[in-house]
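Have a look at the structure below before the remarks.
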Amino acid sequence: MSTPDTTTEAFASTRPEAEDLPDYAPVPRSALGPALNEQGYYVGRVERNLYWVTDGTYQSAFLTTADGVVLLDAPPTIGHNIQRAVDEIAAANGVSNKVTHLIYSHHHADHAGASSLFDGDVARIGHEETRKLLLRDDDPARPAPEETFQDRRTLEIGGERIELAWHGSNHSPDNIYIHLPDHDTLMLVDIVNPGWAPVYLSNLTEDIPGYIEAPATALSYPWKHFVGGHLGRLGTREDVTVHQQYMADIAASVRTAIDTVDPTPYFAKYGENVWAAVRGLLDATTAAAAAPVVEKYTGVLAAADVFTASTTFWVMESIRLDLGYGSQVHP
């Protein structure tokens with residue numbers, strides 16, 4: 001006699017049906033990238049011998065050179081498809097498929113977690129803070145870079161030029177700008193998702209003032225093609241400008257909401273339960289600030305109706321805590 005799997009039954013009983021899930025605005029066609037192949041990736045030329053590869057959610061890029069392949073990030077969701085993409089391009093062009101250099105945009109596992117797939121003799125390059133953080137994390141999937149820099153470094157590899165720069169903390173303390181001037185391309189990960197709103201909490205950003213400033217820094221570089229690290233297509237200068245305006249609109253709306261949402265009802269209702277009152281006030285302020293931004297960008301940025309409230313909350317907390325907006329000193 002068999003015993004029912006109560007865990008499976010419990011899971012099944014709480015699993016929502018599709019018709020019970022919320023509906024969201026359609027994704028604008030302009031947000032979507034090219035179709036993936038049977039292996040689940042797309043690889044295409046950015047310019048000349050610079051290529052990009054995506055699984056529709058994450059992005060990597062690579063440069064084929066006379067001395068081998070320079071890989072820019074190694075997201076684990078793309079994983080072994082990175083080498084398959086390199087092999088495909090190398091075979092088509094009669095060049096080496098050996099990855100000789102790997103540049104880390106920053107230390108996060110979702111962009112570096114497949115770096116251990118490449119030979120131990122690969123030259124690993126990143127910001128000095130990336131090395132510190134990876135040594136701290138001690139993740140065998142992400143060997144720390146041996147070659148580091150502090151503010152700027154120009155690489156000359158196989159006759160190709162790559163300019164690395166750190167302009168301060170943004171998404172993470174170590175996130176860098178990767179400029180390929182001879183390929184008219186800038187790679188800046190986890191700031192702008194071309195065609196899409198940021199995911200939770202401004203792409204899970206640690207430093208909101210730096211995050212908000214980053215697009216202006218990106219636009220100060222000369223480039224045509226943008227590799228943002230996420231989703232299914234390359235970006236343009238217009239994508240960065242739209243994102244910049246989206247974040248500016250959120251920040252302006254937050255200030256208005258902080259000035260106008262009345263905290264009195266929440267503290268009167270919850271009395272000694274201060275955290276309940278704080279939650280009510282923060283939720284109401286977030287909702288008031290997010291509403292006009294959602295209305296403006298639905299149909300412009302994919303998932304604006306999905307994640308704008310989350311990003312608005314995080315921007316609000318930064319404006320309150322980092323910038324001190326709305327803070328009052330007790331008389």
Practice item. Name the most mobile residue of S115, S220, S172, meaning the one with the largest mean-square fluctuation, in a Gaussian network model of the chain with Cα contacts below 10 Å. Key: S220
Review point. Given H placed 1.01 Å from N in the peptide plane, which residues other than close sequence neighbours of Y58 have an amide H under 5 Å from its amide H?
Key: L231
**Study point:** Estimated [θ] at 222 nm from DSSP helical runs (n ≥ 4, -39500 (n - 2.57)) normalised by residues in the chain, nearest 500
**Key:** -12000 deg cm²/dmol
Revision key, fill the gap. Per residue, the convex hull enclosing the Cα atoms of the range 68-158 spans a volume in Å³ of 84 Å³
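For the range 81-137, what does the relative contact order come out to in percent, with C-alpha contacts under 8 Å and a separation of six or more? Intermediate results must be reported in sequence, preceding the final value.
On the way: 39 pairs, mean separation 18.8, N = 57.
The normalised contact order for the range 81-137 reaches 33 percent.
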Check your understanding: When the C-alpha atoms of the range 1-150 are aligned to their principal axes, what extent does each axis show, in angstrom, from largest down?
Key -> 63, 40, 37
Review point. Over the chain, what percent of the accessible surface lies on carbon and sulfur atoms, probe 1.4 Å?
Key: 53 percent
Study note, to complete from the structure: Highest GNM mean-square fluctuation among Y221, Y211, Y104, for the chain with Cα springs under 10 Å, belongs to Y221
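Helix by helix through the chain, keep the DSSP H runs that span 20 Å or more along the axis on Cα and average at least -1.0 on Kyte-Doolittle, and give those back in order.
The qualifying helices are 237-260, 274-297, 304-321.
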Study note, to complete from the structure: Taking a probe of 1.4 Å and leaving out DNA, RNA and ligands, the chain shows per residue an accessible area in Å² of 48 Å²
Check your understanding: Does the range 138-180 come out rounded, prolate or oblate, given a ≥ b ≥ c as the square roots of the eigenvalues of its C-alpha gyration tensor, rounded meaning a/c under 1.5 and, failing that, prolate meaning a/b above b/c?
Key -> oblate
Practice item. Please report how far the C-alpha centroid of the range 112-129 lies from that of the range 135-177, rounded to the nearest whole angstrom. Key: 10 Å
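When averaged across all projection directions, what area in nm² does the alpha-carbon convex hull of the range 89-218 cover? Intermediate values should be presented prior to the final figure.
Values: hull surface 35.8 nm².
About 9.0 nm², averaged over all directions.
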Study note, to complete from the structure: Options (i) 1.01; (ii) 1.03; (iii) 0.98 for Rg/Rh (Cα atoms, Kirkwood Rh); the value derived from the coordinates is listed as (ii)
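The values are calculated or read from the model by the stated rules, or taken from the named source; none is laboratory data. If you're wondering where the values come from, they're calculated on a predicted model, not measured in any experiment. Protein only, heavy atoms only, side chains kept; ligands, DNA and RNA dropped before computing areas. Shrake-Rupley method; radii C 1.70, N 1.55, O 1.52, S 1.80 Å.
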